[in-house]
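Working notes for the structure below.
Every read-out reported here was derived from the displayed coordinates using simple, explicitly stated rules and does not represent laboratory data. Computed from a predicted structure; not experimentally measured. Glycine gets a Cβ as well: all are built from the backbone with ideal geometry, and neighbour counts include every protein chain shown.
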């Protein structure tokens, strides 16, 4: 049984890494959590007294729970599937695999697929996920099914339904209604660990009318959009041919950019689009492993950062391990530029400063930094540095050492979800996996 977020928790004697723009490394410190927030980050001997649970992190690193800024829970059940036709380009990947999958999903598939991903996230120290869901054959109620999975695992998540015109007007309308219904429920009954956006697929599957309706829903509920942006060259080519402008400009025309919005991928952006993202303060999420897997290219993260774009890091469901994604971000930037000195600082900043900045727009109390008053989301790594470890060396340790260290403890809003490698959620992972295998076999047969 997990502990309530109102309980007091003290993580003691760890080397605390704060993250954020001014990341600090604090040896032999304690993190005191109460009421779901951090109330102290102090030298261990200065920690305030009181009852509650204590965890000893001596010889280990304590840092914020990691944030995945672009995820697809629905993809878990396709792992190992070999029934898709070979694809020559990204659009064929969508048609041969992902659109066949999402049309076939049932609500129970969505639920168990999310549980698989979320339990894996807890094990890998990913405590916040910004999801982008699609199940055209089971639209109504799909976001509440995902919300149930989020509640069951105790993580923090932002949800939306991917609206598209590709499956016809009825499914498009159902998708818009699903976003609106979920946002209305959250406004009427707020939940501390849940947030919502208006989901959109990509410019090349969305009409002007659909974009306008989505923008209206977002404005009514005070949220932004979560949309794939120029993931492949085909998205830009379609937009130029059909609308006479580039993708980011089109979204801007329809009032879908801004500090509450999340633009995923951005592989094929030109300088004017990067400037427009920066001017509107729209977050751009880099997904390097997915982009390499789909052979669409490598987003120019250094150019985006130089333009002032808030860049975050996501996985596009390739993994839930953000440290693995960070390493891929560094390697891909260097290979794409053929420059062994490129991209390192920008990739680290996307994870340690960009993602906390993006998540804090969804949870204003502050997520992704270990500082007083912020959300008590933290993880403990079994990592004892073999070389000097301070603020000046932290990034190198993160990429080349900490990225490979086991996560032993995961805490969200002060609730322990895993301690010393043992899950403390009210779920049996073996039962979830067995049920997932059953659902996957049936799903594959339908596909």
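Under a plain spin-label model, where a point goes 7 Å from the Cα along Cα-to-Cβ, how far apart in nm are residue 253 and residue 79?
The answer from the label model is 4.2 nm.
With only alpha-carbon atoms counted, please give the Rg and Dmax of the chain, in Å.
21.0, 66
Run the paramagnetic zone check for residue 58: 7 angstrom along Cα to Cβ, then residues of the stretch 6-41 with backbone nitrogen under 17 Å.
Only 10-16, 27-31 pass the distance filter.
If you find the alpha carbon centre of the stretch 209-234 and of the stretch 152-208, how far apart are they in angstrom?
Each part reduced to its Cα centre gives a spacing of 10 Å.
Taking only C-alpha pairs under 8 Å that are 6+ residues apart, what is the relative contact order of the stretch 66-362 in percent?
Working: 576 pairs, mean separation 52.0, N = 297.
Computed over the stretch 66-362, the figure is 18 percent.
Considering only DSSP beta bridges with both partners in the chain, what is the antiparallel share in %, to the nearest 5? List each step's numbers first, then the result.
Values: 26 of 60 bridges.
Expressed as a percentage, antiparallel bridges in the chain total about 45.
Quick one: 404, 97, 277, fewest Cβ neighbours within 10 Å first, how do they rank?
Values: 404 12, 97 18, 277 27.
Result, fewest neighbours first: 404, 97, 277.
In what order do 161, 74 fall by count of nearby beta-carbon atoms within 10 Å, going from fewest to most? List each step's numbers first, then the result.
Numbers: 161 31, 74 26.
So the residues, fewest neighbours to most, are 74, 161.
Would you mind ranking 34, 191 so that the residue whose beta carbon has the fewest other beta carbons within 10 Å leads the list?
Values: 34 19, 191 12.
Least to most surrounded, the residues fall as 191, 34.
Could you tell me the center-to-center distance, by alpha carbons, between the stretch 24-39 and the stretch 270-333 in angstrom?
If we compute the Cα centre of each part, the gap is 30 Å.
To two decimal places, what compactness ratio does the stretch 384-435 give when its Cα radius of gyration is scaled by 2.2 N^0.38 Å? Show your work: numbers first, answer last.
Details: Rg = 15.6 Å, N = 52, 2.2 N^0.38 = 9.9 Å.
Dividing the Cα radius of gyration by 2.2 N^0.38 Å gives 1.58.
Rounded to two decimals, what ratio of Rg to Rh does the stretch 312-395 give with C-alpha atoms and a Kirkwood Rh? Walk me through the numbers before you get to the answer.
Values: Rg = 14.5 Å, Rh = 14.5 Å.
So for the stretch 312-395, dividing Rg by the Kirkwood Rh gives 1.00.
Over the residues of the stretch 1-74, compute the C-alpha Rg and express it relative to 2.2 N^0.38 Å. Mind dumping the intermediate values first?
On the way: Rg = 13.8 Å, N = 74, 2.2 N^0.38 = 11.3 Å.
Cα Rg divided by the expected 2.2 N^0.38 Å: 1.22.
If a/c stays under 1.5 just call it rounded; otherwise compare a/b with b/c (prolate if a/b is bigger, oblate if not). Do that for the stretch 134-205, with a ≥ b ≥ c from the square roots of the Cα gyration tensor eigenvalues.
Values: a/c = 2.10, a/b = 1.98, b/c = 1.06.
Since a/c reaches 1.5 and a/b is larger than b/c, the shape of the stretch 134-205 is classed as prolate.
Can you give the Rg and Dmax of the stretch 262-404 based on its C-alpha atoms, in angstrom?
Gyration radius and largest Cα-Cα distance of the stretch 262-404: 15.3, 45 Å.
So if I average 1/r over every pair of distinct C-alpha atoms in the stretch 117-172 and take the inverse, what Kirkwood radius in Å does that give? Present the calculation step by step, with values, prior to reporting the outcome.
Numbers: mean 1/r = 0.0811 Å⁻¹.
That comes to 12.3 Å for the stretch 117-172.
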